[in-house]
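Since the structure comes first, as structure tokens, the remarks are kept for the end.
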Amino acid sequence: MTDTDRRPPRRSQQERRETTVARLLDATIETIVEVGYYRTTVQAVCVRAGLSAGAMFRQFDSRLALIAASADEVSRRLLDLFGSAVDRLTREADPLLAALEFLREAASSPLTDVWRELMIAARTDAELLDRIREPIARFYDGIYASAEQAGLLDQIPPPAREVTLYSMVHMFSGEAMTRVVYPRPDLEPQRLRLAHQVALDPPEV
């Protein structure tokens with residue numbers, strides 16, 4: 001066997017680009033989780049990714065473009081996470097309760113921390129808001145469609161399903177965020193029972 005035979009096949013330009021983009025997206029997400037949106041600089045991302053700023057700007061024309069692509073990636077990963085759990089949730093004795101427990105766990109995940117960082121920043125940054133509006137809508141629409149198709153919401157009256165699901169997502173997200181500054185572990189089991197009760201018997205909408 002010659003040295004040429006032992007040498008791994010040369011990657012195409014497209015494959016190299018995809019690898020670079022994946023490293024940048026991973027590094028951006030990890031940096032936002034660790035230091036927050038405003039301290040996620042191009043330099044910090046490139047250092048974490050092991051790439052030069054030039055390599056980043058060959059793929060994304062600005063920091064905001066990189067952030068927007070990362071928002072897309074976070075949305076995709078969260079939907080994949082939910083989609084992969086759906087079959088298991090539907091086999092539980094109480095699928096609705098299992099779904100609520102899953103939503104609560106997901107609300108405390110690092111990926112959801114990234115969403116919260118971006119949404120809070122977008123409140124006062126119109127350009128960021130414009131860039132992340134579509135992936136956020138895709139995320140919310142996606143989890144509702146998956147839950148509805150899987151029958152996880154069958155115990156909820158149809159007119160109340162969407163508002164109930166989103167309200168639970170927002171409640172658990174608020175719980176995860178508030179837990180950092182005002183932890184009340186004594187209330188959390190009660191909150192889950194309350195969420196289950198409200199979901200089973202929501203007010204008329």
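Here are a few things to note about the model shown:
- Whichever residue in segment 48-64 is open to solvent by 60 Å² or more (accessible area, probe 1.4 Å) and in a helix (DSSP H, G or I) and, among such residues, is farthest from I132 (Cα to Cα): R48
- Residue match in segment 86-94 (condition: of a type in the set (V, I, T), touching a residue at least 12 places away in the same chain (Cβ under 8 Å) and touching a Lys or Arg at 6+ places or on another chain (Cβ under 9 Å)): no
- Considering segment 121-131, and only residues there that are in a helix (DSSP H, G or I) and in contact with a helix residue (DSSP H, G or I) (Cβ under 9 Å, 6 or more places away or on another chain), the residue that is nearest to A71 (Cα to Cα) turns out to be R131.
- Any hit, segment 86-103, residues being buried (at least 16 other Cβ atoms within 10 Å of the Cβ) and under 14 Å from the mean Cα position of the chain (by Cα): yes
- Some residue of segment 165-185 being over 19 Å from the mean Cα position of the chain (by Cα), among the basic types (K, R) and open to solvent by 40 Å² or more (accessible area, probe 1.4 Å): yes
- Restricting segment 27-47 to residues that are in contact (Cβ under 8 Å) with a residue 60 or more places away in the chain and part of a loop (DSSP other than H, G, I, E, B) leaves a set whose member that is surrounded by the most Cβ atoms within 10 Å (Cβ to Cβ) is Y37.
- Here E117, E134 are screened, and the one residue that is closer than 19 Å to M177 by Cβ, part of a helix (DSSP H, G or I) and not small (G, A, S) is E117.
- The listed residue being in contact with a Leu (Cβ under 6 Å, 6 or more places away or on another chain), among the hydrophobic types (A, V, I, L, M, F, W, C) and in a helix (DSSP H, G or I), out of V74, V86: V74
- Considering L100, L89, L79, the condition of being in contact with a helix residue (DSSP H, G or I) (Cβ under 6 Å, 6 or more places away or on another chain) and within 20 Å of M177 (Cβ to Cβ) is satisfied by L100 alone.
- Residue-level analysis places Y166 among those that are touching a residue at least 24 places away in the same chain (Cβ under 8 Å), among the aromatic types (F, W, Y) and touching a helix residue (DSSP H, G or I) at 6+ places or on another chain (Cβ under 9 Å).
- Residue within segment 36-56 that is modelled with pLDDT of 95 or more and closer than 30 Å to Q155 by Cβ present: no
- Scanning segment 142-164 for residues that are in a helix (DSSP H, G or I) and more than 18 Å from S84 (Cβ to Cβ) turns up P158, P159, A160, R161, E162, V163, T164.
The values are calculated or read from the model by the stated rules, or taken from the named source; none is laboratory data. Values in this document were obtained by computation on a predicted structure and should not be read as measured data. FYI the Cβ positions are ideal-geometry reconstructions off the backbone, even for glycines, and counts take in every protein chain you see. With ligands, DNA and RNA removed, areas are computed over all heavy atoms of the protein, side chains included. Shrake-Rupley method; radii C 1.70, N 1.55, O 1.52, S 1.80 Å.
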